[in-house]
Amino acid sequence: MINICKQLKKQYPNFHFVPVYWMASEDHDFDEIKYFRLDGKKYVWNSNQTGAVGRFDPSELKELTEQIPGETSIFKTAYLQHKTLADAVRYYVNELFGEEGLIVVDADHRDLKHLFTSVLKDDLMVHSAKQKVNEENKKLEHLGYSVQVHAREVNLFYLDKSLRSRIEKQDGHYRVIDTDLNFSSSEFEKLITEEPEKFSPNVILRPVYQEVILPNLAYIGGPAEVVYWLQLKSTFDHFGITFPIVMPRNFAMVIDAPLWRKLEKTKLTLADLFIPKDELLTHWTKTNAQHDLSIANELQLANDLFSSLLDRVKKIDATLDPMVKAEHKRIQSSLEKIEKKMIRAEKRFQHDKLGQISALKDTLFPGGSPQERVNNFLNFYQQDPTFIKKLLEGLDPFDFKMNILIP
C-alpha cells in the first residue's frame, strides 16, 4: 500500500494518498499469532491471557526475546517497554515504516466505536447483515464461486477487559457465550449508546467498521480476505457506506545468493520450483536420467496390439470382449509398475542430487507452504538491514504475479 500511494501521487500530483495499517487489536485468536519461525526454529509465546489480543501484556515476552538470535532491539523495546501488545505493534510498525508516512489505526477505542453505533444497533435488533450476506452468497455461488464466510444473526462480540465472547440472541434476550451475562434489548440499546466500546465486530462487520472509521480508496488483503470482502458489497450498500476497491497484496519469494547457486546447479527453472515436491523430483529424475525411463512406446504397442486383437475377437465371439479389455488393463498396470520401479531405481542412483533439490524445495516451501506464509521477515532483515527498502524498490503493487527476489 505504501507503493500504491507513491504511484498514485505521481499520477495525480494534486491529491494526497496515505497508506493505512489496520491493526487487528480486537482479534481473540491468539493461536494465530503466538508463534513465528526464524532460521527453521519455532518460537512460541505461551500465555494464559484471554480476550482481545491487543490488550495482552507483552512483558511476558521477556524470556522469549532473550532466546532470539541476532539484532532484535526494535522488538525488545516494543514488547518490553509498552503496556499492551497493541502499543508494542504500533511502535515497531512505526519504527520500520514511519518514514514512509504509514498511519496505524487501532480500532479498539471508545470514540471510534461511537461512530459505529447505528450499525451496532442494526445488527443486534434488525440483523440486516445476515440477510444481505446471504443474498450476496447466493449470487456468488450461482456464478461458481465458493464463499469464505457466513453471517450470523448477530455478528458481534462482547468486549470487556480480558473477555471477547460472541453474542447470541435467544428468545428475545442476548446471551454472551461462555459467560453468565444476559441482556435485554433495552439494556443493550442503552449499552450501545453509553459504552459502545464493549462491542466488537466479527469478520462480517469488521470491514464495515473499517470503512466507517476511515473510508478508503482501496483495501489490500490476502487471497482469502479479497474473496470474503466481495461477499459484503450489498451490506455496505445497505448501510450507505462506500465500498472500496479490493486489491490483492503483493506475493513474493526471496532466493538469497547461496540458494540461487544451488538452484543453478540443479538446472531447474524458477517455474519448476512451484511443482509439488514429489512431482518435481520425478520430473527431474526423468529429465536427467542416464537411461530412458519412459514406457510410452511400450504402452502404445500394447494399445495397438489389443486394439487389433479386440477387432478379431468381436468377429469370433463378442462375449470375449470383457476378458480382452481386462487383460489389456492388466498389461497397462504391469507396464506402469515397471516404470515406477525404474524411476525409483534411478532416484536411488541420483540420491545426492535429489537430496539437494528436496532441501531447496523445503527451504522455499517450508512444510509445503509458500515461504512468505511461514518464515518471519527477520530471516531476511537480520541478514540485510536494507531488506525493506529493497522490497519497496522491487515490488510493483499493480503486478499480481508471484515476485521472485534474487541477488
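Read-outs: derived from the displayed coordinates by stated rules, not from any lab. Predicted model, so just to flag it, every value in this text is computed and none were measured. Virtual Cβ from ideal backbone geometry, glycine too; neighbours counted across all protein chains shown.
Taking the Cα centre of segment 36-148 as the origin, how large is its charge dipole in debye, to the nearest 20, when only Lys and Arg (+1) and Asp and Glu (-1) carry charge on their Cβ atoms?
Magnitude of the dipole: close to 400 debye.
For VAL246, enumerate residues with amide H under 5 Å from its amide H, sequence gap 5+ or separate chain, H modeled in the peptide plane.
Those qualifying (amide H under 5 Å, at least 5 residues apart or on another chain) are TYR219.
Give me the net charge of ILE68's neighbourhood, meaning all other residues with Cβ under 15 Å from the Cβ of ILE68; Lys, Arg count +1, Asp, Glu -1.
On the way: positive: LYS34, ARG37, LYS41, LYS42, LYS62, LYS76; negative: ASP39, GLU60, GLU63, GLU66, GLU71.
That works out to +1.
Taking only the alpha carbons of segment 111-249, what extent do you get along each of the three principal axes, in Å, biggest first?
So the three principal-axis extents are 42, 31, 27 Å.
Step through the residues of segment 109-120 one at a time and calculate ³J(HN,Hα) from phi using the Karplus curve (6.51 cos²θ - 1.76 cosθ + 1.60, θ = phi - 60°), rounding each to whole Hz and writing x for Gly and Pro.
My calculation for segment 109-120 gives 8, 4, 5, 5, 5, 4, 5, 9, 4, 5, 6, 4 Hz in order.
Rounded to the nearest 20 debye, what is the charge dipole size of the chain about its Cα centre when +1 sits on each Lys and Arg Cβ and -1 on each Asp and Glu Cβ?
Using Cβ point charges on Lys, Arg, Asp and Glu, the chain gives about 1340 debye.
If you count, for each residue, the other Cβ atoms within 10 Å and average over each peptide, how do 188-198, 260-270 line up from highest to lowest?
So the peptides 188-198, 260-270, ranked by packing, come out 188-198, 260-270.
Place +1 on the Cβ of every Lys and Arg and -1 on the Cβ of every Asp and Glu in segment 21-114, take the dipole about the Cα centre, and give the residue among VAL93, PHE36, SER25 whose Cα lies farthest towards its positive end.
Of the candidates, PHE36 comes out farthest on the positive side.
DSSP loop (so not H, G, I, E, B), at most 15 other Cβ within 10 Å: list which trypsin sites (Lys or Arg not before Pro) in segment 64-129 pass both filters. Mind dumping the intermediate values first?
Details: sites: LYS76, LYS83, ARG90, ARG110, LYS113, LYS121; in loops: LYS83.
Counting only loop positions with at most 15 other Cβ atoms within 10 Å, the trypsin sites (Lys or Arg not before Pro) in segment 64-129 are LYS83.
Counting helices only, and only those DSSP H runs with n ≥ 4, report the 222 nm mean residue ellipticity of the chain as the sum of -39,500 (n - 2.57) divided by its residues, in deg cm²/dmol to the nearest 500.
-15000 deg cm²/dmol
Picking from SER358, SER234, SER308, which is most flexible by a Gaussian network model of the chain using Cα springs under 10 Å?
In the Gaussian network model the winner is SER308.
Using amide H atoms built 1.01 Å from N in the peptide plane, name the residues 5+ places from PHE36, or on other chains, whose amide H lies under 5 Å from its own.
TYR43
In the neighborhood of ILE331, defined by Cβ-to-Cβ distances under 14 Å, what is the net charge if each Lys or Arg adds +1 and each Asp or Glu adds -1? If you can, show how the numbers build up before the last one.
Details: positive: LYS325, LYS329, ARG330, LYS337; negative: GLU298, ASP304, GLU327, GLU336, GLU339.
Spelling it out: positives minus negatives among the neighbours equals -1.
Based on a Kirkwood Rh over C-alpha pairs, give the Stokes-Einstein translational diffusion coefficient of segment 2-108 at 37 °C and viscosity 0.692 mPa s in µm²/s. Please report the intermediate quantities before stating the final value.
Values: Rh = 15.5 Å.
Once the numbers are plugged in, D ends up at 212 µm²/s.
Report the convex hull volume per residue for segment 144-212, counting only C-alpha atoms, in Å³.
124 Å³
Here are several values of percent of Cα pairs over 33 Å apart: (1) 53; (2) 32; (3) 69. Which one was derived from the coordinates shown?
Here percent of Cα pairs over 33 Å apart agrees with entry (1).
What lysines sit close enough to LYS325 to cross-link, taking a C-alpha to C-alpha distance under 22 Å and skipping anything fewer than 8 places away on the same chain?
Once the sequence-local lysines are set aside, what remains near LYS325 is LYS314, LYS315, LYS337.
Let me check I've understood the local charge: for LEU354, count other residues with C-beta under 15 angstrom from its C-beta, Lys and Arg +1, Asp and Glu -1. What total comes out? The partial results should precede the final answer.
Details: positive: LYS262, LYS265, LYS267, LYS277, LYS286, ARG344, LYS347, ARG348, LYS353, LYS361; negative: ASP272, ASP278, GLU279, GLU346, ASP352, ASP362.
Spelling it out: positives minus negatives among the neighbours equals +4.
May I ask which residue of TRP229, GLN383, VAL154 lies farthest towards the positive end of the charge dipole of the chain, with charges of +1 (Lys, Arg) and -1 (Asp, Glu) on Cβ and the Cα centre as origin?
Positive-end residue among those listed: GLN383.
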